[in-house]
2 protein chains.
Amino acid sequence: MLYFDHAATTPARATVLDTYNQVAQKYFANPSSAHKLGQEANSLLNNARQQIADLLLFKSNEIFCTSSGTESNNWTLQSLLTAHAKLHPNRRQIILSAIEHPSIRSQIDHLKTRGFEVILAPVDHNGQLDLNSFENLLSDQVLLVSTMLVNNEVGSFLPVEPLAQKLENYPQILWHVDAVQAITCRMKAMHHSRIDLLTLSSHKFHSVRGVGLLAIRQRVTKAPLLFGGGQEFGMRSSTENLPAIVATAKALRLAWENQAESIKHINHYRTQITQALKKMNWQVFGGSQEQVSPHIICAAFPGVPGEVLLQAFSNADIMISTTSACSSRKKNDHHTLKAMGIDNNLANSSIRISLSQTTSQAEVDQLIKPIHEISTKFKQDLKGA
Amino acid sequence: MLYFDHAATTPARATVLDTYNQVAQKYFANPSSAHKLGQEANSLLNNARQQIADLLLFKSNEIFCTSSGTESNNWTLQSLLTAHAKLHPNRRQIILSAIEHPSIRSQIDHLKTRGFEVILAPVDHNGQLDLNSFENLLSDQVLLVSTMLVNNEVGSFLPVEPLAQKLENYPQILWHVDAVQAITCRMKAMHHSRIDLLTLSSHKFHSVRGVGLLAIRQRVTKAPLLFGGGQEFGMRSSTENLPAIVATAKALRLAWENQAESIKHINHYRTQITQALKKMNWQVFGGSQEQVSPHIICAAFPGVPGEVLLQAFSNADIMISTTSACSSRKKNDHHTLKAMGIDNNLANSSIRISLSQTTSQAEVDQLIKPIHEISTKFKQDLKGA
């Protein structure tokens, strides 16, 4: 079985799963318990939080563990936004990039019900934010801006520095960056002090499932989404998922340590795969090498529905997806491609091949031949039709 | 090390952790992915959901996986309550038992801000709901009632049937039951069709951390707390924590299968421990055997602060807590004992010893002697003072 669906989820590294098991077995106490074993658990939690903070260049007390990237994004647009809005009663505008993840986008109706005006910042045909349009949208009416660092469907990389420059004159605008897809190849880009809120998700970087992170600068007014026992500095109640949090700190460290080396490989693999696709008349989206994270390859084979392509690969024991896992089981909407102005027919013929730091040359080699075979078969089918 | 803090959290059973690892390693795909491995993951998820539904006597499409009991309780009092309130704009009252968990209680201010009136249903000195008072509070003004099945600090068991009878004439009142502490010994009591919403938490019954359950009857109007990819029937977005959910279904089944046998043991252990405590002049709270779940023993040693007692046990390598993990690291408020009308001084001298289905006679035997020794020491200290 060949797995090329890492943007949907990644398997936990063996050493990360080992850490999970060790903590689950040995430090199983509730970190809130005052006895010896609880104190040890709490100490592990503090260490993990410090490790994560060091890797993200945040302070330890700015790292909040949630259950998922989705929860982090909801927390941002729900209670944190409400708290910020109370400080700025005259601001009611929220700017979202037009290619945000469903956990941001699907909140738009809810935001409107709550009296906010939601404005989408447009992207070009490569999925890049139009910086002039973005700048023109900024004003003293704006409460919050949310941008992805790496898009989950196409891989578009939205650089932080140019946006930070545009936001320089608006220090009171909260800036949330969804960096869920950035850990594989664009981790350095997260290290910008202008970012107010940063979302990560454990299972996208070879940790176990079930840990989201929301890094929140000290300067941001905080309010909980989940009330209760007062864990996470009183801001995210629930008994801490200690084994998963410690495992996630380790997985994040490994991702960081491996990044420089693995980017080279992934760039190389991307070139090999996109060349194979283009040779068989696939159209590859996302622009130049600087404009994408190389681990996501979005491409269309005109005339064949993405679902049919996906099944052909699946039958050849190769796991890929149609643009995003979240939309794979629902009617595909190819949201990002549409925002990029890609024709509907072409969008409906698109698939996503996604790599990770653990992808090997051998796996890529095994992918090339089926790309050729499947494309040849569909070419013949289309000719025959 | 002797662990008697199972009400705070339980270690995962070895076979449950095995299941977690097998699923994490073999079925690591995103259940939303349409390819073969994704379909297999999705099929495992459906099976787990069906198993849980069968054990709780709910339908499969009434079982929603969250990240914690806290999240389930917050979902109930946040968006689900809001959705119910829209159907009944003239009802604004919420009734909570006076001894609810912090994840219910700490929402009171937030509920008031949202325009609800919160009324606490009083308990007697054994932690039992006063049924007459409860009945008198019910009216056409009431939107929702939330009661614990087993209290986490004292172990008070609030039987379902008498409350269901009182609620019989009020079918439009949503009834939420927090059954987080009920799995060890009072699982049968959850099986009542009048319950609209039921909260459970994986790590309280020897599963891994990080899965909450909210069972919601089909008749209840639903609204999500977390928006996004549309997982959990569109009601709880986030990539599903599949290994933990499958492990939790297994742990729940084991808890159910072991319950009849282990209740006998736990009842017996409780008797042994409470006798040892009483012999050394401890005061044990919670009333008769029918009024408590036997796995939680709350007792006070008058004159010595609970924190000091806890440390004495911890120094003897015995892990117990002061009434609840959630309050162990904060200034103790002994909320439940206060609601029971227990004198402040006595409440401040209380600890909680909590057992589980895996507690053995050998462990109980090892606890009896330190109870004697620690009590003797503090008796002498108090005499000397």
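Taken together, the values in this text are just the output of simple stated rules run on the coordinates, not laboratory data. Everything numeric in this text was worked out from a predicted model, so none of it was measured. Cβ atoms come from the backbone with ideal geometry, glycine included; neighbour counts cover every protein chain shown.
Anyone know which of A:G286, A:G234, A:G127 comes out most mobile in the 10 Å Cα GNM of chain A?
A:G234
Counting only DSSP beta bridges with both residues in region B:14-253, tell me the antiparallel percent, nearest 5.
On the way: 11 of 28 bridges.
Just about 40 percent of them are antiparallel.
In region B:289-385, what trypsin sites (Lys or Arg not before Pro) fall in a loop by DSSP, with at most 10 other Cβ atoms inside 10 Å? Walk me through the numbers on the way to the answer.
On the way: sites: B:R329, B:K330, B:K331, B:K338, B:R352, B:K377, B:K379, B:K383; in loops: B:R329, B:K330, B:K331.
Sparse-neighbourhood loop trypsin sites (Lys or Arg not before Pro): B:K331.
Find the chain A residue whose Cβ sits closest to the rotation axis that carries A onto B, and give that distance in whole Å.
Residue nearest the A-to-B axis, with distance in whole Å: A:S67, 2.
Evaluate the charge dipole of chain A about its Cα centre and quote only its size in Debye, nearest 20, assuming +1 on the Cβ of each Lys and Arg and -1 on the Cβ of each Asp and Glu. Don't skip to the answer; put the middle values down first.
Working: 36 positive and 31 negative charges, 74 e Å.
Dipole magnitude for chain A comes out near 360 debye.
Pick from B:T66, B:T358, B:T147 the residue whose mean-square fluctuation is largest in a GNM of chain B, springs joining Cα atoms under 10 Å.
In the Gaussian network model the winner is B:T358.
Please build a GNM for chain B, connecting alpha carbons under 10 Å apart, and tell me which residue among B:I119, B:I183, B:I216 fluctuates the most.
Of B:I119, B:I183, B:I216, the Gaussian network model singles out B:I119 as fluctuating most.
Which one of B:G303, B:P243, B:Q218 has its Cα pushed farthest toward the positive end of the charge dipole of region B:198-315, where Lys and Arg give +1 and Asp and Glu give -1 at the Cβ?
B:Q218
Normalised by the number of residues in region B:14-253, what is the relative contact order in percent for Cα pairs under 8 Å and 6+ residues apart? Please list the in-between numbers first.
Details: 444 pairs, mean separation 66.6, N = 240.
Relative contact order for region B:14-253 comes out at 28 percent.
In whole Å, what is the distance between the alpha-carbon centres of region A:130-151 and region A:71-101?
Using only Cα atoms, the two centres lie 12 Å from each other.
By its C-alpha gyration tensor, with a ≥ b ≥ c as the square roots of the eigenvalues, how is region B:260-361 shaped: rounded for a/c under 1.5, else prolate for a/b larger than b/c, else oblate? Intermediate values should be presented prior to the final figure.
On the way: a/c = 1.64, a/b = 1.39, b/c = 1.19.
Prolate, because a/c is 1.5 or more and a/b exceeds b/c.
What does the C-alpha gyration tensor say about the overall shape of region B:14-253? Classify as rounded when a/c is under 1.5, otherwise prolate if a/b is larger than b/c, or oblate. Mind dumping the intermediate values first?
Details: a/c = 2.24, a/b = 1.62, b/c = 1.39.
Prolate shape, in that a/c is at least 1.5 and a/b is the bigger ratio.
Put +1 on the Cβ of every Lys and Arg and -1 on every Asp and Glu Cβ in region B:176-237; which of B:G229, B:S193, B:H203 then has its Cα farthest towards the positive end of the dipole?
B:S193
Cut-off under 27 Å on the C-alpha distance; same-chain residues fewer than 8 positions from A:K166 excluded. Which lysines are left, in chain and number order?
Straight-line reach from A:K166, under 27 Å: A:K59, A:K86, A:K112, A:K188, A:K222, A:K338.
Calculate how many DSSP beta bridges within region A:135-294 are antiparallel, expressed in % of all such bridges and rounded to the nearest 5.
Details: 7 of 15 bridges.
Roughly 45 percent of the DSSP beta bridges within region A:135-294 come out antiparallel.
To the nearest 10 degrees, how steep is helix B:242-279 against the longest Cα principal axis of chain B, on a 0 to 90 scale?
Taking the Cα atoms of chain B, the angle to B:242-279 is about 20 degrees.
Any idea which of B:L37, B:H176, B:F285 is furthest toward the positive side of the dipole for chain B, if Lys and Arg beta-carbons carry +1 and Asp and Glu beta-carbons -1?
Of the listed residues, the answer is B:L37.
How large is ³J(HN,Hα) for each residue in region A:191-199, as worked out from phi by the Karplus curve 6.51 cos²θ - 1.76 cosθ + 1.60 (θ = phi - 60°), to whole Hz, x for Gly and Pro?
Here the 3J(HN,Hα) series is 7, 10, 5, 6, 5, 8, 9, 10, 9 Hz.
With angles folded into 0 to 90 degrees, how steeply does helix A:36-56 sit against the dominant principal axis of chain A? Use alpha carbons for both and round to 10.
50
Which angle from 0 to 90°, rounded to the nearest 10, does the C-alpha axis of helix B:14-26 make with the longest principal axis of chain B?
Computed tilt is about 30 degrees.
Where the centroid of each part is defined by its Cα atoms, how far is region A:233-257 from region B:211-257 in Å?
Between the Cα centres of region A:233-257 and region B:211-257 lies a distance of 22 Å.
Is there a quick way to get the dipole size of region B:220-274? I mean about its Cα centre, with the Cβ of Lys and Arg at +1 and of Asp and Glu at -1; what is the value in debye to the nearest 20? Let's see the in-between values first.
Details: 6 positive and 4 negative charges, 27 e Å.
Using only the charged Cβ atoms, the result is roughly 140 debye.
Where in region A:250-288 are there chymotrypsin sites (Phe, Trp or Tyr not before Pro) that are in a DSSP coil and have at most 16 other Cβ atoms within 10 angstrom of their Cβ? Display every interim value, and only then the final one.
On the way: sites: A:W256, A:Y269, A:W282, A:F285; in loops: A:W282, A:F285.
Nothing satisfies the criteria.
Identify all lysines with a Cα-Cα distance to A:K383 below 23 Å; exclude those on the same chain that are fewer than 8 residues away in sequence.
Straight-distance partners of A:K383: A:K278, A:K279, A:K369.
Of all DSSP beta bridges in the protein assembly as shown, what percent run antiparallel (nearest 5)? Before the final figure, lay out each step's value.
Values: 40 of 80 bridges.
Roughly 50 percent of the DSSP beta bridges within the protein assembly as shown come out antiparallel.
With runs of 4+ DSSP H residues as the only contributors, calculate the mean residue ellipticity of chain B at 222 nm using -39,500 (n - 2.57) per run, divided by the residue total and rounded to the nearest 500.
Values: 14 runs with 158 residues, N = 385.
The per-residue figure over chain B is -12500 deg cm²/dmol.
Given axes a ≥ b ≥ c from the Cα gyration tensor, I'd like to know whether region A:1-120 is rounded (a/c under 1.5), prolate (a/b larger than b/c) or oblate. Walk me through the intermediate numbers first.
Numbers: a/c = 2.85, a/b = 1.56, b/c = 1.82.
The shape class here is oblate.
Counting other Cβ atoms within 10 Å, keep those with at most 16, restrict to DSSP loop, and tell me which trypsin sites (Lys or Arg not before Pro) in region A:87-119 are left. Provide the component values of the computation, followed by the final result.
Numbers: sites: A:R91, A:R92, A:R105, A:K112, A:R114; in loops: A:R91, A:R92, A:R114.
Counting only loop positions with at most 16 other Cβ atoms within 10 Å, the trypsin sites (Lys or Arg not before Pro) in region A:87-119 are A:R92, A:R114.
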